[in-house]
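Undergrad: Have a look at this one.
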Amino acid sequence: MWDKIASFIIRFRLWLIVIICVITVVMGYYATKVEMSYDLARTVPADDPEMIFLQKFKKQFGEDANVIGIGLQDSSIYSVKNFNHFRELNMIIKNIKGVNNVFSLPQIKIILKDTANKKFRFDALFPKEIQDQSQLDSLLEVFHRTKFYTDQLVNEKNGATMMLIFVQKEIMNSAKRVELTQQLVDAGNAFTKFTNIKLHYAGLPFIRTIMATKVKQEMQLFLLLSALVTGFIMFLFFRSVRAVLFSMVIIGIVVVWVMGTLALFGFKITLLSGLIPPVIVTIGITNAIYLLNKYHLEYFKCKNKPEAIAMVVKKMGLAMFLTNLTVAIGFLTLLSTDILLLREFGIVAGINIMALFVVSLVMIPAIFSWLPEPKPKHLRHLDFKIMAKFLELTDLTVHRHRTIIYIVSVGLAVFSLLGMMKLQSVTFMVDDISENTDLYKDLKFFESNFSGIMPLEVEINTGKRRGVQNIDNLKKIDEFETFIDSLPKVSRPLSIISLVKASKQAFYGNNPNRYELPSSKLEASYILRYMKSQGDSIGLLKSFVDSSYTRMRISMQIADIGSVKMDSLVSKVIEPRMNRIFAGTNITTIVTGTTKLFIKGNRFLIDSLKESLLLAFVLITLSMAMLFANVRMIIISLVPNLLALMITAGLMGYFGIHLKASTALIFSITFGISVDNSIRFLAKYRQEQLVNKFFVPLSVSESILETGKSIIYTSIVLFAGFIIFAFSSFGGTIALGVLTSTTLVISMFTNLILLPALIMTFDKPKKMQEEKLLIDEIDPGFYGEQEDVDLDLSKIKIHDRRGSAE
């Protein structure tokens, strides 16, 4: 089959390149339309009951994650000059397109009793112009007596204050939010310039905007770095600018296809999908190195360029197809998950890795068929004496010290298992922000002064029309809110209860001692009558109670304490107490909100990644079964790669690296890549078996000495390609880069040392030489490997079990 494919590519190479160019132009057009994702990553399926409930909750009461906070802690804000500047900042931000409302100290309204009309009215506490410091101090005193705002806008202990900015949902989930965020920051910078007061920014819309902008910047940076680093390594291999240039053009075509694929499928650039282009560059370079090197070797054997190019496609086509397939499987198995973020990442990466195979197999032979013939200098650098010595030492170790290899391997497995027991699945809502950034420090400011800014909601359903107005129900709800207020990592709750208490305080002349629920039904009837008459001019009631007064909302913020602690706080602290308080009543309660779904989403995420890894293992095992048709060889080939994954998981446990989306992906990705080393080694081993009449020791030696070069060279390229992610400003991306690189290096050693040792011990070939396997079709050809060579009997050393040689 590969003879026909080679003939087809050579014969129609011009038309094939034209087709690829046309596809690239089309993909390039769509690539210009790809957008950044500004949505909070959805990790819970849309049909999940809790997700459905949250959507209904938002429809009734409004969004819970559309608030941006601006905080400050500086006593000079309470001077007349700076307070007026703060008011101006409030008005400037309120006029920014996309901002629904701004809630801050200079703009607060207090509840006043209108006896004549028997209703409450909301009046601004601070006038538009404050004349002097005494007036401001007097108004601030009134504010501090208004308990409705206690620890909501101002920290009563240290005077820190914040401004809450409510953003339109349509703006929040579009590229327009970048402009909104920039206008907001510009206004804040101008305020800081006038007052010398430092501002802190937080809130999910703001954080997601900054992160999305950084994702775009890093995708461009890593794409450039991966091209430079891997291109430089390729230049060292071939000493040819021409080879590097055209290889990069070919890889660049597939990068355009990646961006076009995102747009065609309606996907957006996320933190994960932004990593695909640099990954494509890295894997593409390994493809180019294999194809070009095989071309050079074939050319120097036959001195005929067309024949050499045909042999490249014929001999390397299946090998490259299988190696790209195993890598693609690692990504495509993510399609088995219900998590949109992972599915998008998997489908785009998997499809384009296979596209990379097709483009490389067509364009590299085609382009080099038109270029001048290669020169001897292109392979001079491949004769590394240090590498030859290392491989000879490896070969000697495998033959004479297999017992030590097994002891070390078992020791590493035990060491890894102990480390894996320490491994925890912990994710933070802003997990990827570096601790050294202003964004992270600002988040900590809000956590230390206002208990955080991550939204958590509770819906109270009284089960009866106007049940929210029932004084007995209000007392139960107040008991629950008092408990919530006592939790150190949760802000003071805000609900209709707060409004009822504030109304009673206003009813009694703004007496702070009267900030409480009505003590009797008679008192409640007077106060609620005033509340009913006042209407809802500021939309406060609509945000916290439904029109029938059957259901109500309790809103609070929580610190970003991590998924495990959040889960424990909600499921083991809040919900049990909530159930006890409302036991024996008709009231039903549900904890919901973006934070609650984030907790559940983390569990979904890890479970989905475990399932995808298992599926990848099964599919790759089936691929190996097709190659070998031998259960023993399948097990032998998988053990070294599984040990590499175990070691990485163990190191994660020992170093406290948590299992999350970015780190869990490592295992699916690296398993597919590392298995490639096993396939190449075993293909060469099978080839040597056929030549050497199934004499295992000699076949193993030849495989180590020759295929070992390919494993080391490709591992160097892959390590260099993935380690650049360590320079990211996102913690998850750093972990992905470091751990993937580490796993690939470990896999290199396990496939060079443990794999041949296992073959020496357990492979007992009984196959006749004429028996044909699929793996016989794979040419593992790489540096210095020749098919038609004379058998050098001087290389053969027969080892006895005591390690002596004859």
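Undergrad: Which angle between 0 and 90 degrees, to the nearest 10, do you get for helix 2-11 versus the longest principal axis of the chain when only C-alpha atoms count?
TA: 80
Undergrad: Then there's this: Nothing charged except the Cβ atoms of Lys and Arg (+1) and of Asp and Glu (-1): what's the magnitude of the dipole of the chain about its Cα centre? Round to the nearest 20 debye. List each step's numbers first, then the result.
TA: Numbers: 88 positive and 69 negative charges, 230 e Å.
In debye, rounded to 20, the chain gives about 1100.
Undergrad: Could you give the length gained by full extension between residue 625 and residue 12, i.e. 0.36 nm per residue of separation minus their alpha carbon distance, to one decimal place? It would help to have the intermediate numbers written out before the result.
TA: Details: separation 613, 0.36 × 613 = 220.68 nm, distance 3.44 nm.
My answer for the length gained is 217.2 nm.
Undergrad: Sticking with this structure for a sec: Given the pairs 157/441; 94/596; 147/476, which are separated by over 25 angstrom at their Cα positions? Spell out each step's value before the answer.
TA: Values: 157/441 20 Å; 94/596 30 Å; 147/476 20 Å.
From the list (157/441; 94/596; 147/476), the Cα-Cα distance tops 25 Å for 94/596.
Undergrad: Using per-residue counts of other Cβ atoms within 10 Å, averaged over each peptide, order 648-656, 300-308 from highest down.
TA: Answer by packing, highest mean first, reads 648-656, 300-308.
Undergrad: State the percentage of accessible surface on the chain attributable to carbon and sulfur atoms; use a 1.4 Å probe and exclude ligands, DNA and RNA. Provide the component values of the computation, followed by the final result.
TA: Values: 20900 of 34780 Å².
The nonpolar share, carbon plus sulfur, comes to 60 percent.
Undergrad: Which of (i) 66, 28, 22; (ii) 58, 34, 25; (iii) 45, 36, 20 is the computed semi-axes √(5λ) of the Cα gyration tensor in Å for the structure on display?
TA: From the options (i) 66, 28, 22; (ii) 58, 34, 25; (iii) 45, 36, 20, the structure gives (i).
Undergrad: Next question. Sticking with the crude label model, points 7 Å out along Cα→Cβ, report the distance from residue 655 to residue 517 in nm, one decimal please.
TA: Each label point is offset 7 Å from its Cα along the Cβ direction, giving 5.3 nm.
Undergrad: What nm distance separates the two modelled labels at residue 745 and residue 216, each placed 7 Å from Cα along Cα→Cβ?
TA: Distance between label points: 3.5 nm.
Undergrad: Another one. Kindly rank 543-551, 138-146, 561-569 from highest to lowest mean number of other beta carbons found within 10 Å of each residue.
TA: On the way: 543-551: 16.9, 138-146: 14.3, 561-569: 18.8.
The densest-packed peptide leads the list: 561-569, 543-551, 138-146.
Undergrad: How would you order 94-101, 745-752 from highest to lowest mean count of nearby Cβ atoms within 10 Å? Could the numbers behind the result be given before it?
TA: Details: 94-101: 15.1, 745-752: 23.4.
Final packing ranking: 745-752, 94-101.
Undergrad: Gain in length, residue 116 to residue 242, computed as 0.36 nm per residue apart minus the alpha-carbon separation, to one decimal in nm? Display every interim value, and only then the final one.
TA: Values: separation 126, 0.36 × 126 = 45.36 nm, distance 8.97 nm.
Full-extension gain reported as 36.4 nm.
Undergrad: From the phi angles alone, apply the Karplus equation (6.51, -1.76, 1.60; θ = phi - 60°) to the range 192-201 and give each ³J(HN,Hα) in whole Hz, x where the residue is Gly or Pro.
TA: 5, 5, 6, 10, 6, 9, 6, 10, 10, 10
Undergrad: At 222 nm, what helix-only mean residue ellipticity would the chain give, in deg cm²/dmol to the nearest 500, using -39500 (n - 2.57) for each DSSP H run of four or more? Write down the numbers at each step before the final one.
TA: Details: 27 runs with 492 residues, N = 806.
Calculated mean residue ellipticity at 222 nm is -20500 deg cm²/dmol.
Undergrad: Just subtract the alpha-carbon distance of residue 194 and residue 603 from 0.36 nm times their residue separation and send over the number in nm, one decimal. Walk me through the numbers on the way to the answer.
TA: Numbers: separation 409, 0.36 × 409 = 147.24 nm, distance 4.72 nm.
Contour length minus Cα-Cα distance gives 142.5 nm.
Undergrad: Could you tell me how many degrees, from 0 to 90 and to the nearest 10, lie between the Cα long axis of helix 241-264 and the main elongation axis, the longest principal axis, of the Cα atoms of the chain?
TA: Between helix and principal axis, roughly 40 degrees.
Undergrad: Tell me which lysines have Cα within less than 21 Å of residue 610's Cα, excluding those fewer than 8 residues away on the same chain?
TA: Candidates past the 8-residue exclusion: 422, 600, 660.
Undergrad: In the structure shown, do any of 81/109; 198/501; 216/268 have a Cα-Cα gap over 23 Å, and if so which?
TA: Details: 81/109 21 Å; 198/501 34 Å; 216/268 11 Å.
Beyond 23 Å between Cα atoms: 198/501.
Undergrad: How many angstrom lie between the Cα centre of the range 227-274 and the Cα centre of the range 145-213?
TA: Measuring centre to centre over Cα atoms gives 39 Å.
The values are calculated or read from the model by the stated rules, or taken from the named source; none is laboratory data. Note that the structure is a prediction, hence the values are computed from the model and not measured. Neighbour counts are summed over all protein chains in view; Cβ atoms, including those assigned to glycine, are modelled from backbone coordinates with ideal geometry. Just so you know, the surface numbers come from the protein's heavy atoms only, side chains and all, with ligands and any DNA or RNA stripped out. Shrake-Rupley method; radii C 1.70, N 1.55, O 1.52, S 1.80 Å.
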